[in-house]
Amino acid sequence: MDDHHASIDGVRVDLRHWIGGERIASARTFADVSPIDEQEIARVAAGGATEVDAAVAAARAAFPAWRALPVAERSAILHRVADGIEARLEDLATVETRDNGSLLRSHRRGVMPRVALNFRAFADYAEKQLGHPDLSVRGHRERITYDPAGVVAIITPWNAPLMLATWRIGPALAAGNTVVVKPPEWAPLTASLLADIMHAAGVPAGVFNVVQGTGAEAGTPLTAHPGINRLAFTGSVPTAGVIARAAAPNIVPLSFELGGKSPLLVFADADLELAVGIAVEQFDNAGQVCLKAARMLVHSSIADEFTNRLVERTAQLTQGDPRDEATDQSALIARRHFEQVSGFVDRALADRARALIGGGPNTELGGLYYRPTVLVDVKPGAEILTEEVFGPVVTVETFDDEDDAVARANDTRFGLAATVVTTDRTRAERVSHALNAGTVWVNCFFVRDLEAPFGGNGKSGIGREGGAWSFDFYCDVKNSVFSP
Ligand code: NAD
């Protein structure tokens with residue numbers, strides 16, 4: 001392989017930016033380290049203000065022609081992108097797994113098919129939703145149109161890099177915008193494969209651009225760029241604050257999908273098998289999931305049985321190399337993150353909490369493998385109950401009455417999701433109404449249609465995307481009033 005390419009478990013990946021339909025190198029590179037074995041797997045182009053300027057200029061130049069295409073033509077191209085993703089599903093799954101350590105089997109069966117759907121669904125919605133019936137108001141005809149906003153900047157995290165990026169790229173492009181993406185430096189590679197797929201599908205030069213680099217060096221100039229019209233960010237609360245300040249002078253509308261500290265409420269009447277099944281799912285992706293229910297609140301009458309069964313099921317999880325189909329639990333993304341997760345658990349244990357299982361690294365596997373951890377006897381108000389850990393760690397607390405359970409579930413500065421397990425339908429309605437969260441799941445988890453709104457309350461985000469909500473964000477909605 002030359003300096004500009006790497007072979008990632010046999011898949012060739014271009015390590016340069018993708019700007020204006022061309023591969024562009026940078027003088028500097030950054031190390032991409034795989035969490036599986038902490039090996040450097042690539043040196044990726046480290047972009048900065050120069051590359052961001054070029055990408056925004058290319059996106060601006062491509063905008064008029066892309067926006068002028070009839071919606072059906074744009075949709076046809078995006079369906080071809082989805083075809084390309086499906087055709088290269090195995091390559092995408094292989095590279096993402098090596099890059100961020102999440103399970104190959106999840107990528108094959110769930111994540112990458114969803115990546116394709118992010119294009120198909122929004123291509124179809126665009127055809128349906130970008131037209132709005134005229135209104136008739138006091139004899140005047142009011143025509144509502146969805147004009148694409150212009151250039152959309154998209155900045156995404158490493159925990160599900162391609163899925164989270166395409167969930168923004170799909171609707172942004174379908175609405176007629178052009179895009180500049182800054183992928184996460186801890187998992188930058190599948191964005192580059194997506195550029196190849198876009199090119200092969202006939203997406204015109206400049207419509208889709210990728211600038212690789214760190215948040216500080218490539219992200220900062222992108223968020224502060226006067227040439228962008230929308231900024232879609234998924235990531236942490238502290239970064240969101242920095243980005244909001246950078247974007248403020250340009251008055252750029254923001255869509256923020258941020259962290260969470262979501263509760264799982266298990267009532268005395270719950271189907272316990274279902275509740276334990278949902279609880280153990282919280283260790284998926286080594287707990288590095290924004291929507292994860294990290295705080296379990298369980299009715300005291302069933303708490304012992306619930307925790308015993310949760311510990312039993314957790315003990316059955318197989319930890320190891322995510323490329324092995326039998327693996328349930330892999331490594332944490334990076335050494336710095338591993339230290340953070342360990343620190344949270346160590347401090348909780350020093351502050352009276354008990355680990356029923358886990359509580360430390362997997363010493364047999366070494367590296368970045370941290371054991372799935374169930375903590376009980378946590379002090380009220382402890383850091384482990386309030387801060388997002390973003391690792392395979394859950395707490396279990398008990399409650400005696402519904403009002404107390406809801407109050408404690410809502411006692412968070414976040415508000416991303418909440419899950420309720422109960423067989424009482426009236427309670428389900430009452431509690432879901434009372435919970436402060438963008439998404440409430442009742443007797444299920446992680447199910448969501450792309451047409452439904454998604455987003456968080458409080459520090460979990462700003463705005464909603466999904467279906468019509470995405471087009472509201474990525475478009476300048478116009479009302480033209482015609483006199484009788
Ligand atoms: P992060 O905020 O550190 O980084 C996210 C992205 O922002 C990266 O691409 C990074 O390079 C970039 N960035 C960092 N500093 C920047 C700056 N100053 N200017 C511009 N860009 C900058 O987050 P992370 O650690 O990558 O991701 C984990 C976080 O993401 C967690 O809090 C998690 O809950 C959240 N998340 C939220 C959702 C959701 O849908 N709500 C989904 C997944 C992850």
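Nothing in this text is a laboratory measurement; each read-out follows from the coordinates by a stated rule. Note that the structure is predicted; figures quoted are calculated from it, not measured. Cβ atoms come from the backbone with ideal geometry, glycine included; neighbour counts cover every protein chain shown.
What is the count of Lys pairs in the chain whose alpha carbons sit under 20 Å apart, if the two are 8 or more places apart or on different chains?
On the way: LYS128/LYS478; LYS261/LYS292; LYS261/LYS379; LYS261/LYS459; LYS292/LYS459.
Qualifying lysine pairs in the chain: 5.
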Figure the gain on full extension for ALA452 and HIS140 (residue separation times 0.36 nm, minus the Cα-Cα span) and round it to one decimal in nm. 109.1 nm
Where both residues lie in the chain, what percent of DSSP beta bridges are antiparallel, nearest 5? 45 percent
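Considering only region 263-442, what is the antiparallel percent among its DSSP beta bridges, to the nearest 5? Spell out each step's value before the answer.
Values: 4 of 24 bridges.
For region 263-442, the DSSP antiparallel bridge percentage is about 15.
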Give me the one-decimal nm value for the distance between modelled label points at SER7 and LEU272, 7 Å along each residue's Cα-to-Cβ direction. 5.4 nm
What FRET efficiency would be calculated for the residue pair ALA216, GLU40, taking the C-beta separation as r and a Förster radius of 25 Å, to the nearest 0.05? 0.80
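Take each of the peptides 411-421, 470-480, average the number of other beta-carbon atoms within 10 Å over its residues, and list them starting from the highest. Write out the running numbers ahead of the final one.
Details: 411-421: 24.2, 470-480: 17.9.
My ranking of the peptides, most packed first, is 411-421, 470-480.
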Between region 67-120 and region 249-286, the Cα center-to-center distance that results, in Å: 24 Å
If each residue of separation counts as 0.36 nm, what is the full-extension length gain between ASP53 and ASP403 once their alpha-carbon separation is subtracted? 120.7 nm
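Using a 10 Å cut-off on Cβ atoms, rank the peptides 437-449, 370-382 from the highest mean neighbour count down.
Descending packing order for the listed peptides: 370-382, 437-449.
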Using alpha-carbon positions, what is the distance between the centroids of region 350-393 and region 439-459, in Å? 26 Å
On full extension of the chain, what length is gained from SER483 through GLU387, given 0.36 nm per residue of separation minus the C-alpha to C-alpha distance? 29.0 nm
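Between the DSSP loop rule and a limit of at most 14 other Cβ atoms within 10 Å, which trypsin sites (Lys or Arg not before Pro) in region 314-364 are left? Mind dumping the intermediate values first?
Numbers: sites: ARG323, ARG335, ARG336, ARG347, ARG352, ARG354; in loops: ARG323, ARG352.
The qualifying sites are ARG352.
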P(r) for the chain, please, calculated from all Cα pair distances in 10 Å bins and given in %. 4, 20, 29, 25, 15, 6, 1, 0
Only bridges whose two residues both fall in region 372-480 count here: according to DSSP, what percent of them are antiparallel, nearest 5? 10 percent
Net charge near CYS475, counting Lys/Arg +1 and Asp/Glu -1 over other residues with Cβ under 10 Å of its Cβ? -1
For the pair LEU365 and ALA205, how long in nm is the line joining their label points, each one 7 Å along Cα→Cβ? 4.5 nm
Can you give the FRET efficiency to the nearest 0.05 for ASP83 and SER236, using r as the Cβ-Cβ distance and R₀ = 25 Å? 0.15
Could you give each residue of region 243-250 its phi-based ³J(HN,Hα) in whole Hz, using Karplus coefficients 6.51, -1.76, 1.60 with θ = phi - 60°, and x for Gly or Pro? 5, 4, 5, 5, 7, 4, x, 8
